[in-house]
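First comes the structure, then the notes that go with it.
The values are calculated or read from the model by the stated rules, or taken from the named source; none is laboratory data. Remember, it's a predicted structure, so these values are computed and weren't measured experimentally. Counting neighbours? That spans all protein chains shown, and the Cβs are built from the backbone with ideal geometry, glycine included.
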Amino acid sequence: MRNRLLLLFLALACTLGLSAQTVRWQQPDYFAIGQVSNLVLLLNNCEIEGDLTIPQVPNLEIGQPQRGEQSSTRIINGARTDQVLVYYAFPVRPLDQGPVQIPTFTLQTNAGPQTVPGLSVPVREATLGDTNILISDITASTLEVGDGSPIWAGQVVPITYSLGVSARFNANLASEPSWEPSPLIVESWTDPTGRAEGSGRDARKLVTYPSRGYFPAPGSYTVNSVQQSVNIGIPSSGFFNSLRGETFAITSDAPQVTVQPLPAPAPASFAGAVGSFTLTSQIVPEDAAVGDPITWTLALEGTGNWPVISALPARQASNTFRVVQPEATRSNPEGKLFDGSISEDVILIPTTAGTFTLPAVEWTYFDPTSGTYQTLTTEAHELTISPAATTSTPATNPTAANGTTPPAVNGPLPLDATAPIRSAPAPDSPSALPLEPLPAAPIAALPLARRDLAVAGIALAALLPLLWLVLAYRHARAADPGRIARAAKRQLPVAISRVSHAATPTDRSAALLEWQRLTAILWQSPLATPSASLFASDDTWHQLWQEADRALYARDVELPADWTQRAHAAAKQKRGPGFPVFRCLALRHLFPAIALLLTALALTPNHLPAAEPAADPIAAYQSGDFAAAEATWRAAVDAAPTDWVAHHNLALALAQQNRWNEAGAHAAVAFLQNPRDPSTRWHLNYVLDRAGYSPPIIGRFLNPSWTEKIAAQASPPEWQRLLLLAFVIFVAAIAAIIVCAYQPRWRLLRAFAWLMVVLAIGTAAGAGLSLRTYGLTIESDAVLTWRSATLRSIPSDLDEEQQSTPLAPGSLARVQKSFLGWRQLSFPNGQTGWIRAEELVGIWKKK
């Protein structure tokens, strides 16, 4: 009894242990620097309540977790225990060496608060696959700020990021550089350049990203490192020696930079500009009459910390001038934050004749090359104002009436709305601006491949004889003259049996008459009473007929006793007329099949409805939020590449942001997908004129000849379907002409059929000419490059030894292969090469 109680206690303890609620980390062996690993949180028999929040861990980048669940059942000594294991897998990546320490924390679960024990994970350098080769031994990443000389606050210095991989391995970039430059103010990375350095086992493939930036304030800084993902191929040990790739996040060094303060004291006219600048002043004209406008232009340009330069220096002028002062015009080259200019045109309208001097303008900046402040001074301008040519009421000027010289006006010049400004005539029409975006519309159809187009034509041609045979068989069966004879043969045995079973002479006579009627039909006699010549080939039937006649019309003559037996035998041996199979091939049966095919083709839809966007991009566009409108329309293009309205509106949003190159590619795609829409035609000219390139084939539609004007009446897929329709009409019309040859009275149908032949040939010629005009753009895998790029021999940025060639924006090609973000292009001259997918815009499909 004591032993049984002990066993029961142990089983209960095991059961309670299995069903207890616990939360813990799964202990990993190690983390590798720069590599993403999974950190798993296990929850036994409980679930998180609310949001899953874990403490921040130094030196560890933690992503969003993926949830999973497993269930199991155990039975011990007849006691059943259900266990539910919930796990959360966090993608993590250590940023530096040193163990990862996760502190103990508490989670709220449906079983109450649960304590999660802390965890310590060692961190080691990442290795290449299953080898012992350290990633740090085959890669190197550096970040250089400046050129080694002292750096002043506000000085624009070069920034160079380089990534190198050993030439022994096949590698390519998996992402753009990721960098948080703060407190630096920097430009975007320019296009990278690749080169090779070293030789032998020390040879490396190096890619370099240049940029520029400046520190706004003096001090000592540790610049954040740059991270970039690289795909490195690892040779396998299999028979075929294939490659498998792994992705590694390579982290550059974090340079230490000391920024010097600018020398003190600074001149009073210094406003914080650092760099190299020029200041010019121009007066047009220098001699004018009272009331004539004079333009005073002040322009500043150069290289420096333009983000802190907000305005031009103030100017002084006599208050005898009325002034119209517009806002300053500021411009920076695309992608250049630290090269720019700012100019301001002030209109001076003199009210008094005489000689006036516009004083010089001074502006001070710090030159980091010489380490000194430099003051730019413009020349003074002397104006000679003559009296007005016509009599006019002089302006009221009490100060000038006293004979004293009016004092100079410092600071911004006032705007005098009463000045008699002489305005130039307005132009007939303003400069072109983008039109309004279009609402959603049905998306365009995909073009048919050349092979599919040929297969569709062959299928139509093959389907016509099949339908013809079906309809011809039914028609021939209904019109077959032998059908009645075959029915008579089936009824003869019944009539003969009625003769043998007739109870009275009257019944026998009726049965014999029925037998003679059916016999005449079976022998296809043109007369109700067959002649002897009808049975000349068969004596049995001739004798049976004569015996039946004597029994019917002679007095007191009976049928022979074996008459019914001989009649049954003769009926079995007599063959009825067969079904004329070749009558099914009569050409007059062709027209119904063609009519059915033509109706089915006409009812086939060519377009699909466009998907409604999740947000209202037109409202965002009209409110000036062009970036939000761009994001929505770009998502619509990704979801439905033949949504021509999305391409068109995306081009408008990009144009509003002065991104003309990409806008030109999307405007070209919208035009190809719906060339009839006036808006797509107008914007194709508008955007490509500012993008500065003209794609082949598409560019011919900007100044179209008669062939382009015809082709622009429909898109390439619509021309393909018109070509198929013309083929169907042509076949149907030829069939009608053949039918009319057997029906001379159908003259109107014959004339209509010949008209359809001419219409079909004309439509086919127009469709063929238009498809030829569209050329390569009718291919479903056609793409456009939207900016200058490099066409490479192999899909890699790091291989300097490979052959490459520049690729102009607007280049037209076909996509042959895809590989890790690269696309192999094929050009009409047979040239092939690799390019990044983000450089392309697909015409009909996603790039």
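Are any of the residues in the range 804-811 over 27 Å from S166 (Cβ atoms) and among the hydrophobic types (A, V, I, L, M, F, W, C)?
Within the range 804-811 (the criterion being over 27 Å from S166 (Cβ atoms) and among the hydrophobic types (A, V, I, L, M, F, W, C)), the answer is yes, since at least one residue qualifies.
I'm trying to understand the selection: among the residues of the range 209-228, which are surrounded by 15 or more Cβ atoms within 10 Å (Cβ to Cβ), in a strand (DSSP E or B) and either at pLDDT 90 or above or more than 33 Å from the chain's Cα centre (by Cα) (or both)?
Y209, P210, S211, R212, G213, Y214, Y221
Give the residues of the range 759-790 that are under 21 Å from the mean Cα position of the chain (by Cα), within 18 Å of P828 (Cα to Cα), buried (at least 20 other Cβ atoms within 10 Å of the Cβ) and hydrophobic (A, V, I, L, M, F, W, C), sorted by residue number.
I778, A782, V783, L784 - these are the residues of the range 759-790 that are under 21 Å from the mean Cα position of the chain (by Cα), within 18 Å of P828 (Cα to Cα), buried (at least 20 other Cβ atoms within 10 Å of the Cβ) and hydrophobic (A, V, I, L, M, F, W, C).
Is at least one residue of the range 611-619 modelled with pLDDT of 50 or more, surrounded by 13 or more Cβ atoms within 10 Å (Cβ to Cβ) and either assigned to a helix (DSSP H, G or I) or in the same structural domain as W786 (by TED's automatic domain parsing) (or both)?
Yes - at least one qualifying residue is present in the range 611-619.
Could you say whether any residue in the range 585-608 is outside any loop (DSSP other than H, G, I, E, B) and modelled with pLDDT of 80 or more?
no
Across the range 15-58, which residue is farthest from P103 (Cα to Cα) among those that are out of contact with any Lys or Arg (no Cβ under 9 Å at 6 or more places or on another chain) and modelled with pLDDT under 80?
Looking at the filtered set, the residue picked out is L16.
Listed here are the residues, each with its yes/no results for (1) within 17 Å of A268 (Cα to Cα); (2) among the aliphatic types (A, V, I, L, M).
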residue	(1), (2)
R322	no, no
P333	no, no
L337	no, yes
G340	no, no
S343	no, no
W363	yes, no
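Residues A311, A299: which one is surrounded by fewer than 19 Cβ atoms within 10 Å (Cβ to Cβ), in a strand (DSSP E or B) and within 48 Å of the chain's Cα centre (by Cα)? First the steps, then the outcome.
On the way: A311 fails: in a strand (DSSP E or B).
Among A311, A299, only A299 is surrounded by fewer than 19 Cβ atoms within 10 Å (Cβ to Cβ), in a strand (DSSP E or B) and within 48 Å of the chain's Cα centre (by Cα).
Among the residues that make up the range 98-107, is at least one of them aliphatic (A, V, I, L, M) and within 15 Å of L52 (Cα to Cα)?
The answer is yes, given that some residue of the range 98-107 is aliphatic (A, V, I, L, M) and within 15 Å of L52 (Cα to Cα).
Answer yes if at least one residue in the range 279-290 is among the acidic types (D, E), outside the structural domain of Q97 (by TED's automatic domain parsing) and closer than 30 Å to G219 by Cα, and no otherwise.
No, because not a single residue in the range 279-290 is among the acidic types (D, E), outside the structural domain of Q97 (by TED's automatic domain parsing) and closer than 30 Å to G219 by Cα.
Would you be able to say whether some residue in the range 330-345 is outside the structural domain of S149 (by TED's automatic domain parsing), closer than 25 Å to I159 by Cβ and acidic (D, E)?
The answer is yes, given that some residue of the range 330-345 is outside the structural domain of S149 (by TED's automatic domain parsing), closer than 25 Å to I159 by Cβ and acidic (D, E).
Please find, within the range 188-205, the residue that is surrounded by the most Cβ atoms within 10 Å (Cβ to Cβ) out of those that are part of a loop (DSSP other than H, G, I, E, B) and either without any contact (Cβ under 8 Å) to a residue 40 or more places away in the chain or in the same structural domain as P333 (by TED's automatic domain parsing) (or both).
W189
Do we find that G810 is at positive phi and surrounded by fewer than 20 Cβ atoms within 10 Å (Cβ to Cβ) in this structure?
For G810, the condition - at positive phi and surrounded by fewer than 20 Cβ atoms within 10 Å (Cβ to Cβ) - is not met.
Scanning the range 776-794 for residues that are out of contact with any Pro (no Cβ under 7 Å at 6 or more places or on another chain) and at pLDDT 90 or above, which turns out nearest to R451 (Cα to Cα)?
Among those residues, the one meeting the criterion is A782.
Which fully enclosed strands (runs of 3 or more DSSP E) of the range 324-376 have 3 or more residues being touching a helix residue (DSSP H, G or I) at 6+ places or on another chain (Cβ under 6 Å) and touching a residue at least 60 places away in the same chain (Cβ under 8 Å)? It would help to see each step written out before you state the result.
Numbers: elements: 329-331, 339-350, 354-358, 362-367.
Ranges flagged: none.
Could you figure out which of (1) part of a helix (DSSP H, G or I); (2) among the charged types (D, E, K, R); (3) free of Cβ contacts under 8 Å to residues at least 12 places away in the same chain isn't true of K817?
With (1) part of a helix (DSSP H, G or I); (2) among the charged types (D, E, K, R); (3) free of Cβ contacts under 8 Å to residues at least 12 places away in the same chain applied to K817, the lone miss is (1).
Scanning the range 128-174 for residues that are free of Cβ contacts under 8 Å to residues at least 60 places away in the same chain, hydrophobic (A, V, I, L, M, F, W, C) and assigned to a strand (DSSP E or B), which turns out farthest from G200 (Cα to Cα)?
So, considering only residues that are free of Cβ contacts under 8 Å to residues at least 60 places away in the same chain, hydrophobic (A, V, I, L, M, F, W, C) and assigned to a strand (DSSP E or B), the one farthest from G200 (Cα to Cα) is V157.
For A635, state whether it is within 30 Å of G335 (Cβ to Cβ) and touching a helix residue (DSSP H, G or I) at 6+ places or on another chain (Cβ under 6 Å).
Details: within 30 Å of G335 (Cβ to Cβ): yes; touching a helix residue (DSSP H, G or I) at 6+ places or on another chain (Cβ under 6 Å): no.
No; evaluated as a whole, the condition is false for this residue.
Any chance you could count how many residues in the range 676-705 are surrounded by fewer than 23 Cβ atoms within 10 Å (Cβ to Cβ) and out of contact with any strand residue (DSSP E or B) (no Cβ under 6 Å at 6 or more places or on another chain)?
Residues meeting the conditions: 20.
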